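Working notes, beginning with the structure itself.
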Amino acid sequence: MQLHHQKHHQTYVDKLNAALESTPELKDLSIVELMKQVDLLPANVIEAVRNQGGGHYNHSLFWTIMAPDAQGKPSGEILDRLVEKYGSFDEFVEQFNDKAVKLFGSGWVWLTRDFETVAMPNQDNPLMNGGEEPLLGLDVWEHAYYLDYKNKRDEYIKNWWKLVNWDEVETRFNS
Ligand code: MN
């Protein structure tokens, strides 16, 4: 995770900043605003904002919704909504994991604000499709698990749930 944060995430930040050198008029926009307007931006920065900006937004979210050995479960309204939609928390996890295992190539699986589980390619996120900020996201790029898990994406996914910080997910839901 340290290498993931200090090298991979940093590279997205550096490349986004470099790309935005050519468009000073965008420099006051927040990363959320850039994500929401990505398709309306000047043509020469769209790809960089989608890929590098997406990388920055997604990883920034990712670090906050994990905590060391959190071992948590959701409660309150989040648990109620998951049970309402999926039947049980375990069934939600199973459907989420299934999408994460089957996502071809690199991408993320999101829990949206509407409690949908959505797999998206590359560094795409729900904001780019007119959606709200997601509640939770799992990075299934190989760089996220290759050092510890080699090719065993399914084991990474299964163990990742032990790190999910549901208190932070709840804070996101309430904000
Ligand atoms: Mn990553």
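Derivation of every value follows stated rules applied to the coordinates shown; laboratory data play no part. On a predicted model such as this, the values are computed, not experimentally measured, just so you know.
What the table below lists for this structure:
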{"quantity": "Filter on Lys85/Lys162; Lys7/Lys162; Lys73/Lys158 - keep pairs with C-alpha separation over 20 Å", "calculated": "Lys85/Lys162; Lys7/Lys162"}
{"quantity": "Value of [θ]222 nm, deg cm²/dmol, for the chain, DSSP H segments ≥ 4, -39500 (n - 2.57) each, nearest 500", "calculated": "-13500 deg cm²/dmol"}
{"quantity": "For region 24-102, diffusion coefficient by Stokes-Einstein and Kirkwood Rh (Cα), 20 °C, 1.002 mPa s, µm²/s", "calculated": "138 µm²/s"}
{"quantity": "Amide proton proximity set for Gly107, modelled H, under 5 Å, gap of 5+", "calculated": "Asn122, Val140, Trp141"}
{"quantity": "Convex hull per residue volume in Å³, alpha carbons only, for region 32-175", "calculated": "103 Å³"}
